[in-house]
Every structure is written in structure tokens, then in C-alpha cells.
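Let me begin by presenting the structure, written as C-alpha cells, before commenting on it.
The values are calculated or read from the model by the stated rules, or taken from the named source; none is laboratory data. As the structure is a prediction and not an experimental result, all values here were calculated from the model. Cβ sites come from the backbone with ideal geometry, for glycine too, and all protein chains shown count toward neighbours. Just so you know, the surface numbers come from the protein's heavy atoms only, side chains and all, with ligands and any DNA or RNA stripped out. Shrake-Rupley method; radii C 1.70, N 1.55, O 1.52, S 1.80 Å.
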Amino acid sequence: MSRSVARTAAALLALGALAYTAWVLEVLVRTGLDPVRTYVSELAAADQPLGGLFRATDLTAGLLVLAGALTGLAGTWGKRPGDRTAGRDPWAVGGWIALAVFGAATVADSRLPLSCAPTVDPVCAARETAGLVPATHAAHAVSSTLAMTGALAALVALTVAARRRDRRGPLARTGPALVALEFAATAWTLAAVAAFEAGKGVWALGAGQRLQVLLVAAWLAVLAYSLATDAREGRR
């Protein structure tokens, strides 16, 4: 990957990571949603007063990460003949593709908002259970699942690629810990969702999911820093 491509991908991913953490604004503004109990996506629900803002930040994050991933993928395929560095490592190629899937699915998420907040609105939850909510609820569940699946695959693949290439780099050193924490947060979130859907409480669903997305953003920031470091030091 050339220096200019690495710098471009780094800038896009860093901005994407920042936009992906826009939900922390709930600390500063009153949303009416309990961050320990509610889905992050409920901030962007159609009936929420700040829903438009959070849908816009989700859209921005998705577009930036998608652009950064495609830039990274293009740089990987653009490796020069005779260059024997890990530029075309299948882990790297697969990781960039998975990251692009994450970005595209996040864009779709922003365009398929929930109509209401089921974890705090019993009427909404009952309508959702009865299948009386708009089709965007089911579509949102699919796009959210696809986004997180893409994110998890990218975390693993690009971290492995970084370690295969140079274990001294930022992503190679910190990536494994972030991946382990991400899988733990994902397990917590899935267990909490299952408990909520079974009527057994929320199990701090909101806290688990917020940790999950925060770790993705942190990993994106480390990836961006790694790319910027490579560009500065002339590594491919």
C-alpha cells in the first residue's frame, strides 16, 4: 500500500471511528433513554427527539468506514510486482472486504430506523412481539447483525494480517486484546438480547451493546493509527 493510500485510508477510518461514537452525546444531552438498559439504535428511532441527529451520524460513520475500507482494499490489490510484503495476504484482503461490509451495513442501519423504542415503551414492545411494527424493525435487525458480523470478521482478519506482517505495529500489539474484549462484549450483548426477548429482563443490555460498539470504534482508531504510522515510516 502506497503512503498516500495509507494516509487516505487512515484519515477516513479515524473520522469514521469518531462518528461511530456519536452516541456518547447522550451523556451531555437528555435523550430520555437509559444507557444501561436500551439499545444504542433506539437513540435513532423515528419517534425519538434526537433520532435524526443519530441517524445522520450513523450514516456518516458508515460512509466513512466504507470509503476507508475500499481505499485499503484498493491499496492491497495495487501491490507492485516483486513486492514480497504482506500486502496481498488473504487475511488482509478478507479483512478489508469484511470492513467494507460493516460500513455498508451501517449505512443501511441508518436508513432503516426503528419506529419506536421497545426496551422502554411497553406498547412498542408488545406491537413488535405481535408483528405490528413496520418492516423496518426486521430489516434493521438484519442490517445490524450483518454490520456486527462484518466488524467481528474485520477485527480478527486485519489483526491477524498485522501480526503476520510486523508484530511491533500498533494494531499487532493491541489488536488481540481488543478482539478478545469485543467477543466478550458481543457475548454479553447477545445474552442480554435473548433475555429481553424471553421476557426475563434486559441484563444491562444497553451497557453491553455500548461497550461492544465502543470497542469497535477503538479498534478502528488503532487501525487508522497503524496505517498512518506505516505511511510515515514508509512501510507497506
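Taking the average, over residues, of other Cβ atoms within 10 Å as the packing measure, peptides 159-167, 27-35, 61-69 rank 61-69, 159-167, 27-35 from highest down.
For region 36-159, what does the alpha-carbon gyration tensor say about shape, rounded, prolate or oblate, given a ≥ b ≥ c as the root eigenvalues, a/c under 1.5 as rounded, and a/b over b/c as prolate? All intermediate terms of the calculation are to be shown ahead of the outcome.
Numbers: a/c = 3.57, a/b = 2.75, b/c = 1.30.
Prolate.
Computed over region 7-56, the Cα gyration tensor eigenvalues convert (square root of 5λ each) into semi-axes of 25, 11, 9 Å, ordered from largest to smallest. Here the Karplus relation 6.51 cos²θ - 1.76 cosθ + 1.60, evaluated at θ = phi - 60°, turns the backbone of region 19-25 into coupling constants of 5, 6, 9, 4, 4, 5, 4 Hz, with x for every Gly and Pro.
A convex hull fitted to the Cα coordinates of the chain yields 108 cubic angstrom per residue. Applied to region 156-165, the Karplus parametrisation 6.51 cos²θ - 1.76 cosθ + 1.60 on θ = phi - 60° returns per-residue 3J(HN,Hα) values of 5, 5, 6, 5, 4, 4, 5, 6, 5, 8 Hz, with x for Gly and Pro. Each of ALA187 and ARG30 was given a label point 7 Å from its Cα along the Cα-to-Cβ line. The distance between the two points is 4.0 nm. Across region 46-54, rounded Karplus estimates of 3J(HN,Hα) from the backbone phi angles (6.51 cos²θ - 1.76 cosθ + 1.60, θ = phi - 60°) give 4, 9, 8, x, 9, x, x, 5, 6 Hz, Gly and Pro being marked x.
Its relative contact order, with pairs defined as Cα atoms under 8 Å and 6+ residues apart, puts the chain at 29 percent. Give the residue from GLY201, VAL222, GLY131 lying farthest towards the positive end of the charge dipole for region 95-236; charges sit on Cβ (+1 for Lys and Arg, -1 for Asp and Glu) and the dipole is referred to the Cα centre. The one lying farthest along the dipole's positive direction is VAL222.
The ellipsoid that matches the Cα gyration tensor of region 127-236 has semi-axes, each √(5λ) in whole angstrom, of 35, 15, 10, with the longest given first.
If you roll a 1.4 angstrom probe over the protein chains with everything in place, what fraction of the accessible area of region 1-148 belongs to carbon and sulfur, to the nearest %? Mind dumping the intermediate values first?
On the way: 4830 of 7100 Å².
So the carbon and sulfur contribution to the accessible surface is 68 percent.
Over region 1-61, accessible surface divided per residue gives 49 Å², non-protein components excluded, 1.4 Å probe. Helical content of the chain, expressed as a calculated mean residue ellipticity at 222 nm, amounts to -24000 deg cm²/dmol (DSSP H runs of 4 or more residues, -39,500 (n - 2.57) each, divided by residue number, nearest 500).
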